Structure formats: structure tokens, C-alpha cells
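Engineer: First, the structure itself, so that you have it in front of you.
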Amino acid sequence: MSRGPITHQSEQDADYCDGIGEAATLKALLHVLHDYATLYPDALAEAPRNAPEFKAWREGLDKERKGEFAGLEFMQRFGAVLLPDVLVAVGVMAQQCGVPWGCAYIRMREAGHIEVRNQVSYVARDTTPRPADVVHATSEGGM
């Protein structure tokens with residue numbers, strides 16, 4: 001599985017979820033996570049590191065896919081693999097607006113809600129204007 005370009009119609013969220021679900025070995029999972037490393041860097045950073053961790057990952061993922069909570073320990077250890085930051089933030093916007101994931105990603109990037117540094121995507125953490133910013137911009141003739 002290889003991640004394609006982000007377009008207004010692309011569904012990198014579904015493709016990623018399919019990829020991690022289909023990964024039957026640690027090597028296969030790491031291949032998927034490397035394919036998506038520029039889009040979901042937190043997932044690769046929190047990947048299982050060895051066979052026992054991969055076994056715990058698969059067991060937890062299987063529970064989650066059946067609608068069962070895999071547990072707090074699983075979420076603390078592997079939550080970023082299951083739900084990377086960019087996947088979640090863009091997915092929420094796509095769902096709210098009824099658009100494909102790629103369309104939401106492109107618009108969020110244009111609006112500064114997704115930052116790309118060194119070709120790696122990150123959720124911009126502080127993009128909401130604060131009252132002081134609004135007052136400052138208004139007093140300078142901005143807004």
C-alpha cells in the first residue's frame with residue numbers, strides 16, 4: 001500500500017485505516033506507517049517496537065474494530081497509531097462539512113489549521129484568534 005497524492009477527492013484516512021488493519025506483521029505495519037509518516041508522524045513515533053508490542057497492538061485493534069474499548073493502557077500506548085492527530089482533526093472537519101477527507105485537508109492547510117514543516121504535516125495548535133488579537137487588529141485597521 002502506498003499513499004497517493006492528496007486531492008480534493010482523496011481519502012487518506014480510509015486508506016490508512018485499511019492499511020493498519022490489513023497489516024498482519026510488525027514489518028507490514030511499519031511499512032504502512034512509513035508510507036504515511038509525512039502525514040501522520042505521531043503514528044510512526046508511537047509504533048510497536050517488537051513482537052510482544054505488536055501482539056498487544058493487534059489484540060487492541062481487533063477489539064476496537066469490534067466496537068469494544070481496548071482499554072486505557074492500549075490507548076495511552078497506541079492511541080496515536082490508531083488515531084493520528086492530522087487524521088482526527090481533518091476527519092472531524094470533513095464529517096462536519098460533508099466533504100472528502102482530502103478536500104478538508106487542503107482547505108485546512110490553506111487556512112493555516114494544518115502546517116507543513118519539512119514536508120511533514122502537523123495540526124496547528126493555536127489558530128483561534130484571541131480577544132487581544134482581535135482588539136489589536138481592529139485598532140490597527142485590520143479586521
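No value in this document is a laboratory result; all are computed from the given coordinates. Note that the coordinates shown come from a computational prediction; the quantities given were computed from them, not determined experimentally. Neighbour counts are summed over all protein chains in view; Cβ atoms, including those assigned to glycine, are modelled from backbone coordinates with ideal geometry.
Engineer: Can you compute the FRET efficiency between His31 and Val88 using 1/(1 + (r/R0)^6), with r the Cβ-Cβ distance and R0 = 30 Å? Round to the nearest 0.05.
Structural biologist: 0.85
Engineer: With the crude spin-label approximation of a point 7 Å out along Cα→Cβ, what separation in nm comes out for Lys66 versus Glu110?
Structural biologist: Once both label points are built, they end up 4.4 nm from each other.
Engineer: Here is a further query. Calculate the spin-label point distance for Lys55 paired with Val120, positioning each point 7 Å from the Cα along the beta-carbon direction, and give it in nanometres.
Structural biologist: Placing both labels 7 Å along Cα→Cβ, they lie 3.1 nm apart.
Engineer: With runs of 4+ DSSP H residues as the only contributors, calculate the mean residue ellipticity of the chain at 222 nm using -39,500 (n - 2.57) per run, divided by the residue total and rounded to the nearest 500.
Structural biologist: -17500 deg cm²/dmol, from helical runs alone.
Engineer: Run the dipole for the chain about the Cα centre, Lys and Arg Cβ at +1, Asp and Glu Cβ at -1, nothing else charged, and hand back the magnitude in debye, nearest 20.
Structural biologist: Its charge dipole is roughly 180 debye.
Engineer: Return the long-range amide H neighbours of Ile114 (sequence gap of 5 or more, or a different chain), with a cut-off of under 5 Å between placed amide H atoms.
Structural biologist: Residues meeting the amide H criterion: Arg109, Ala124.
Engineer: Short version: ³J(HN,Hα) in whole Hz for each residue of segment 43-57, in order, from phi by Karplus 6.51 cos²θ - 1.76 cosθ + 1.60 (θ = phi - 60°), x for Gly and Pro, what are they?
Structural biologist: Once θ is set to phi - 60°, the couplings for segment 43-57 become 5, 5, 5, 9, 5, x, 9, 7, 4, x, 5, 4, 4, 5, 4 Hz.
Engineer: Moving on to the next point. Taking the structure as given and computing Rg/Rh (Cα atoms, Kirkwood Rh), which label from [x] 1.14; [y] 1.01; [z] 1.07 fits?
Structural biologist: Computed from these coordinates, Rg/Rh (Cα atoms, Kirkwood Rh) corresponds to label [z].
Engineer: Tell me, Cys97, Cys17 in order of fewest to most beta-carbon neighbours within 10 Å?
Structural biologist: Cys97, Cys17
Engineer: Along the charge dipole of the chain, which of Val32, Thr7, Val92 sits closest to the positive end, that is, farthest toward it, with unit charges on the beta carbon of Lys, Arg, Asp and Glu (+1, +1, -1, -1)?
Structural biologist: Val32
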